[in-house]
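What follows is one structure encoded as structure tokens, with my remarks underneath.
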Amino acid sequence: MAERQGKRRRRFDPAGPVTGLFFLALAGLFLADGLTDDRLLAPATLAPVVLIGLGLVGTVRVLTRGRRRDLR
């Protein structure tokens, strides 16, 4: 049984990179908005973008939960 676990092929879990890229893009938006005099996105546009992005990140994390369980 131990030999079988040692030969198990590791699968890629996309939840981490997707989450990281989302938050890096969000941080870039807030940084660019803070460094410029003009607004890049209106708050009425930015709030739904953030909420939709968080929903997508959460969906990816839920769909790939089984992969994370096997990585440990």
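Quick note: the coordinates plus some simple rules give every number you see, no bench work behind them. Everything quoted here is computed from the prediction, not taken from an experiment. Cβ coordinates were reconstructed from backbone atoms using ideal geometry, including for glycine residues, and neighbour counts include every protein chain displayed.
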Which shape class, rounded, prolate or oblate, goes with the stretch 15-71 when its Cα gyration tensor gives a ≥ b ≥ c as root eigenvalues, a/c under 1.5 marks rounded, and past that a/b bigger than b/c marks prolate? oblate
Backbone N within the stretch 16-45 under 18 Å of label point (7 Å from Val62 Cα along the Cβ vector): 16, 18-19
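Ordered by packing density, taken as the mean number of other Cβ atoms within 10 Å over each peptide's residues, highest first, how do 33-39, 43-49, 17-23 rank? Spell out each step's value before the answer.
Working: 33-39: 8.3, 43-49: 10.7, 17-23: 13.7.
Result, highest mean Cβ count within 10 Å first: 17-23, 43-49, 33-39.
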